[in-house]
1. Would you work out if the range 209-282 is rounded, prolate or oblate? Take a ≥ b ≥ c from the square roots of the eigenvalues of the alpha-carbon gyration tensor; rounded if a/c is under 1.5, else prolate when a/b is larger than b/c, oblate otherwise.
2. Counting only the backbone N, which residues of the range 1-28 are under 11 Å from the spot 7 Å out from the Cα of Lys369 toward its beta-carbon?
3. Using a Förster radius of 41 Å, what is the FRET efficiency between Gln146 and Gln343 based on their Cβ-Cβ separation? Nearest 0.05, please.
4. Mind checking the full-extension length gain between Arg45 and Asp241? Use 0.36 nm per residue of separation minus the Cα-Cα distance, one decimal, nm.
5. Let me know the shape class of the chain, please: from the alpha-carbon gyration tensor, a ≥ b ≥ c as square roots of the eigenvalues, rounded when a/c is under 1.5, otherwise prolate if a/b is greater than b/c, or oblate.
6. Multiply the residue gap between Gln29 and Asp307 by 0.36 nm, knock off their C-alpha separation, and tell me the result in nm, one decimal place.
7. Simple spin-label model, 7 Å along Cα-to-Cβ: Ser353 to Phe160 in nm?
8. Expressed as a whole percent, how much of the Cα-Cα distance distribution for the range 6-156 exceeds 20 Å?
Amino acid sequence: MKILLLSAYDAHSHRYWRESLVDQFEQYQWTVLSLPPRFFSYRVRANPMTWFIEQRPTLSADYDLIIATSMVDVATLKGLIPSLATIPLWLYCHENQFSYPLSHHFNDRAFKNLDPKMVFLYNCLVAKKISFNSEFNRRTAIDGLQTLLKNFPEKIPISFVDDIMAKTSILAVPLQTLNAVSQSLMTQQGDKKKTIKIVWNHRWEYDKGPDILLAIVEQLAESGQAIEFNVVGQQFRQSPDAFSAIKQTIERSATLKLGGWGFIHSKTDYHQLLDECDVVLSTALHDFQGLSVLEAVQAGCIPLLPDHLVYPEIFSSAYLYPCGGEPKAIAKEVLERLCLWRQRQWPSLPDISHFDWSQLREQYLAHIKSH
């Protein structure tokens, strides 16, 4: 079988998914095209033009199946390359733009960020199969489609959303490895004096809640808690100002310590850091599977996560903190949870073995074979 695999905005989780997909199914002949994860709005609309100009011979080859992330404008690509028109599409959705926490620049709530939403809609219409990495992702996407259509200035029947829903499934991004991890002495028995090592490992963008992280760091500094903070993750040309304030607050504190800072290019070094940390902290406003959190839990970190987005779907309330209110109120909840764990018993490491490739491989294989 010849498969064309397309990733138009090849961010970390997208690359992680497509590379392991190819590695798992070496019996197939793969052709992979990807584009760098920058200039989001432009990339979502322009990826068919880019590939049409640069990869037309490759796209015009003979394929049995197209697998594409939802940021690929497959509908337009099928129009530009006639030979692709009849090839079945399996659409894989890492995220959707309907629940994205947009900035104040968008005033028209009905049509904000319209281009990627329309690309997603057209993709859903031409796809044979559609997979989401979580139920939270699917629910917000389908609800978002219905709301979008209801707000169009021209009346459009929303009944075809039911047809889209019938093509969907839940299929998580599998973890590449899932080794048994024994928890540290601190997390098993508690240690009120030992420095807790916390890792925050997300994209350095505002949808990952840097203002909340700053409030947490400030309150922990005031509390006198012995904490080592490791703030790592993918960075871009511009990052929210909160990150400089976070670094300054940690460096000025008498009890906080700055560990890892910035993007870690080496996978070995990154996994070593995760192995050494006790807690993985998320302050996300936008997360559909939380792959970076799962990687950290896989390495033995106890998750401390907001009680919304995809997290309640994966983890019990023991690992979730209330996230309503302003950053300072949220930070207070995080501090209280850390103090409670430190003074009493640390929770056990949650079981995430169902995310392992060994558990998901047959489902992926069935999707590929059913083209």
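FYI, it's all coordinate maths here, none of it is from the lab. Just so you know, these numbers come straight off a predicted model, no measurement behind them. Note: ideal-geometry Cβ built from the backbone for every residue, glycine included; neighbour counts use all protein chains shown.
1. Judged from the Cα gyration tensor, the range 209-282 comes out oblate (a/c at least 1.5, b/c at or above a/b).
2. Correct set: none at all.
3. Details: r = 47 Å, r/R0 = 1.14.
The pair Gln146/Gln343 has a calculated efficiency of 0.30.
4. Details: separation 196, 0.36 × 196 = 70.56 nm, distance 2.87 nm.
Result for the pair: 67.7 nm of gain on full extension.
5. On the way: a/c = 2.03, a/b = 1.66, b/c = 1.22.
It is prolate, given that a/c is not under 1.5 and a/b is the larger ratio.
6. Numbers: separation 278, 0.36 × 278 = 100.08 nm, distance 4.19 nm.
95.9 nm is the gain from fully extending Gln29 to Asp307.
7. 4.5 nm
8. Considering the range 6-156, 50 percent of its Cα-Cα pairs are separated by more than 20 Å.
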